[in-house]
Amino acid sequence: MRTSEVYGREPGTIAAARLLTTAFLARVGERIARPLPQRTIDNARLVVSELVTNAVKYTTGAYGIDLELADGHVLITVWDTSPQAITPMAPDPGRVGQHGMEIVLALYGSFDAVTTPTGKRITVRVDLSAAA
């Protein structure tokens with residue numbers, strides 16, 4: 001089970017990505033015959049917001065989101081056209097902004113970042129067995 005969307009520079013794409021995620025997670029709940037806990041949905045939407053916000057802020061081209069149910073996990077992948085590597089910053093409660101990847105790490109412990117010939121892909125794995 002998978003869904004994808006590509007976005008340009010138009011306003012409202014961060015909200016659209018969150019809505020896509022919400023709808024996908026509802027379908028996942030139907031597929032696995034149990035609704036996902038609200039916390040799982042909220043955390044996944046937050047991660048999507050952070051990753052898509054980074055794509056909006058730090059790239060000038062198109063970007064997109066791929067959501068996939070695979071082996072008891074939901075894979076959240078956001079790709080963009082910037083080849084700039086992702087470097088999570090150390091936690092700093094005094095810093096204003098730039099906490100996106102810090103939030104991702106706090107929620108899920110890791111992410112995969114791959115540089116591609118056209119930019120990069122960041123994938124976060126949401127373990128559904130932990131979402132019981």
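The values are calculated or read from the model by the stated rules, or taken from the named source; none is laboratory data. Small disclaimer: the values here were computed from a predicted structure and weren't measured. Methodologically, a virtual Cβ is constructed for each residue, glycine included, from the backbone with ideal geometry; neighbour enumeration extends over all protein chains shown. Note: accessible area is taken over every heavy atom of the protein model, side chains too, but ligands, DNA and RNA are not part of it. Shrake-Rupley method; radii C 1.70, N 1.55, O 1.52, S 1.80 Å.
Please determine, by comparing only the residues of the stretch 47-103 that are farther than 28 Å from Glu30 by Cα, charged (D, E, K, R) and modelled with pLDDT of 85 or more, which one is most open to solvent (accessible area, probe 1.4 Å). Among residues in the stretch 47-103 that are farther than 28 Å from Glu30 by Cα, charged (D, E, K, R) and modelled with pLDDT of 85 or more, the one most open to solvent (accessible area, probe 1.4 Å) is Lys57. The sole residue among Thr22, Thr53, Thr60 that is more than 14 Å from the chain's Cα centre (by Cα), hydroxyl-bearing (Ser, Thr, Tyr) and not in a strand (DSSP E or B) is Thr60. Per the listing Arg39, Arg45, Arg9, the residue uniquely over 24 Å from Gly109 (Cα atoms) and among the basic types (Lys, Arg) is Arg9. For first residues located in the stretch 25-51 and free of Cβ contacts under 8 Å to residues at least 24 places away in the same chain, partners that are assigned to a helix (DSSP H, G or I) and lie 6+ apart or on another chain with Cβ distances below 7 Å form the pairs Pro35/Gly29; Ile41/Thr22; Ile41/Leu25. A Cβ distance below 9 Å, combined with a sequence gap of six or more or placement on separate chains, defines the contacts here; from the stretch 108-132, residues that are open to solvent by 60 Å² or more (accessible area, probe 1.4 Å) and modelled with pLDDT of 95 or more reach residues that are of a type in the set (A, V, I, L, M, F, W, C) and part of a loop (DSSP other than H, G, I, E, B) in the pairs Arg125/Phe111.
Of all the residues in the stretch 30-46, those that are in contact with a helix residue (DSSP H, G or I) (Cβ under 9 Å, 6 or more places away or on another chain) and either surrounded by fewer than 14 Cβ atoms within 10 Å (Cβ to Cβ) or more than 30 Å from Ser82 (Cβ to Cβ) (or both) number 5.
Within the set Thr3, Thr53, the sole residue that is among the polar types (S, T, N, Q) and over 20 Å from Leu105 (Cα atoms) turns out to be Thr3.
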